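In what follows, a structure is listed as structure tokens, so that the remarks can point back to it.
The values are calculated or read from the model by the stated rules, or taken from the named source; none is laboratory data. Since we're looking at a predicted model, the values are computed, not measured. Cβ atoms come from the backbone with ideal geometry, glycine included; neighbour counts cover every protein chain shown. Surface areas here come from the heavy atoms of the whole protein model, side chains and all, with no ligands, DNA or RNA. Shrake-Rupley method; radii C 1.70, N 1.55, O 1.52, S 1.80 Å.
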Amino acid sequence: MKKIMLSFSLLALVLTGTVSCSSDDNSSEKKQMQTLELKTLKGNTVTVNEEVAFVVAVGSTTVEGSLIYVDGKQVTNPFTFTTAGTYKVVAKKEGYNDSNEITINVEQAAVSIRKTWVPVHVNVGMPAGDPISMPYPKQENCDDDTLVFNDTEQVRFNLHDESCAVTTTGSNWALNSATNQLTFTLFDQEMKVNVATLTEDKLVIKAKGDQFAALIPILVPDLAAGLPPALLAMIEVELEFKVQL
């Protein structure tokens, strides 16, 4: 009987030692697993449609083959964010602890006015009577008139006459992004207008008629002949453009 009890005791000791060793091995393996470190080369704030490259490393060593997850979904690296918003990004790889989580803020890119614009429509609000809404009076069989804002802060207005000859006028321009006030000079008149709409393919500027005084004969020739100068400051003029493709 004593021999039987001794055998059971020895077996229990062996089993206990085996479980303990196994537990220690697992614990040791977890301690030895390294943690991935995730970062970007461009910072954490980008614009829509901007490509972002992620770098995954442990210390100074890059860890190749790591997988990138954006809001829990696996993506390519580099990855292009096509929608504005806030995104959580982590890196994973078998045999490593998941990386730190980084937040990527994706902002809508600012639209630039530095383009060639084609005037397409004119609206005039009158203090009395019906408003005027009409297509821009483009010369038939001629190229489009254009308003060009270039990178050197110069503006050019290219106007075609009945023979399709081009007259060009313009000077400096400036856009106050805080107030959306656009200042530029055409036909020796400094114009201060409000930018009502600015998208990738549409520009709308508006102001009182006296700010468009030099353009009134072009925009609404029928109205210009009988419009007293005193009335100019009382009307509202809105000029719509499309981007030239």
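How high is the relative contact order of region 190-240? Use alpha-carbon pairs under 8 Å, at least six apart in sequence, and give a whole percent. Let's see the in-between values first.
Working: 62 pairs, mean separation 20.4, N = 51.
Averaging sequence separation for qualifying contacts and normalising by length gives 40 percent for region 190-240.
What nm distance separates the two modelled labels at Asn141 and Lys242, each placed 7 Å from Cα along Cα→Cβ?
2.3 nm
Once both labels are modelled 7 Å past Cα along the beta-carbon direction, what's the Lys192-Asn105 spacing in nm?
Output for this residue pair reads 3.3 nm.
Could you work out which residue, out of Phe79, Phe157, Phe184, moves most in a Gaussian network model of the chain, that is, has the largest mean-square fluctuation with Cα springs under 10 Å?
Phe79
On a 0 to 90° scale, report how tilted helix 2-32 is relative to the longest principal axis of the chain, with both axes built from alpha carbons and the result rounded to the nearest 10.
Approximately 20 degrees, to the nearest 10.
To the nearest 20 debye, what is the magnitude of the charge dipole of the chain about its Cα centre, counting +1 on the Cβ of each Lys and Arg and -1 on the Cβ of each Asp and Glu? Walk me through the numbers before you get to the answer.
Numbers: 19 positive and 30 negative charges, 350 e Å.
Dipole about the Cα centre, nearest 20: 1680 debye.
Can you tell me which of Met234, Met33, Met191 moves the most in a GNM of the chain? Springs connect C-alpha atoms under 10 Å apart.
So, out of Met234, Met33, Met191, the one fluctuating most is Met33.
Between Ser163, Ser112, Ser99, which gets the highest mean-square fluctuation from a Gaussian network model of the chain, Cα cutoff 10 Å?
Result for the chain, Cα springs under 10 Å: Ser163 fluctuates most.
Working only with C-alpha atoms, what are the Rg and Dmax values of region 159-207, expressed in angstrom?
Spelled out, the Cα radius of gyration and Dmax of region 159-207 are 13.1, 42 Å.
Pop out the carbon and sulfur fraction of the accessible area of the chain as a percent, whole number, probe 1.4 Å. List each step's numbers first, then the result.
Numbers: 7740 of 14950 Å².
Heavy-atom surface of the chain belonging to carbon and sulfur, 1.4 Å probe: 52 percent.
Dividing the Cα radius of gyration by the Kirkwood radius, what Rg/Rh value follows for the chain?
1.44
Could you tell me the calculated FRET efficiency between Leu231 and Ser112, based on Cβ-Cβ distance and R0 = 41 angstrom, to the nearest 0.05?
On the way: r = 35 Å, r/R0 = 0.86.
The computed FRET efficiency comes out at 0.70.
Which of Asn97, Leu67, Val120 sits closest to the plus end of the dipole of region 47-120, meaning its Cα is farthest towards the positive end, when Lys and Arg get +1 and Asp and Glu get -1 on the C-beta?
The one lying farthest along the dipole's positive direction is Val120.
Express the accessible area of the chain per residue in Å², computed with a 1.4 Å probe while the remaining protein chains stay in the model.
Accessible area per residue: 61 Å².
When only alpha-carbon atoms count, how far does region 93-239 stretch along each of its three principal axes, as whole angstroms with the largest first?
Result for region 93-239: principal-axis Cα extents of 83, 36, 26 Å.
Which entries of Lys42/Lys93; Lys192/Lys242; Lys88/Lys206; Lys42/Lys73 have Cα-Cα distances beyond 31 Å here? Working shown, then result.
Numbers: Lys42/Lys93 23 Å; Lys192/Lys242 20 Å; Lys88/Lys206 42 Å; Lys42/Lys73 21 Å.
The pairs that break the limit, which is 31 Å between Cα atoms, are Lys88/Lys206.
Note the full-extension length gain between Gln181 and Glu200 as 0.36 nm times their separation in residues minus their Cα-Cα distance, in nm to one decimal.
Extending this stretch completely gives an extra 5.0 nm.
Using amide H atoms built in the peptide plane, which far-off residues or other-chain residues are under 5 Å from Ala196 H to H?
Those qualifying (amide H under 5 Å, at least 5 residues apart or on another chain) are Val204, Ile205, Lys206.
For the residue pair Leu67 and Ala174, what label-to-label distance in nm results when each label sits 7 Å from Cα along the Cα-to-beta-carbon direction?
A separation of 5.5 nm, rounded to one decimal place.
For a label point 7 angstrom out from the Cα of Thr80 toward its Cβ, which stretches of region 42-62 have the backbone nitrogen within less than 18 Å?
Correct set: 42, 46-54.
For Thr152 and Asn44, FRET efficiency with R0 = 22 Å and r from the beta-carbon atoms, rounded to 0.05?
That pair, Asn44 with Thr152, gives E of 0.10.
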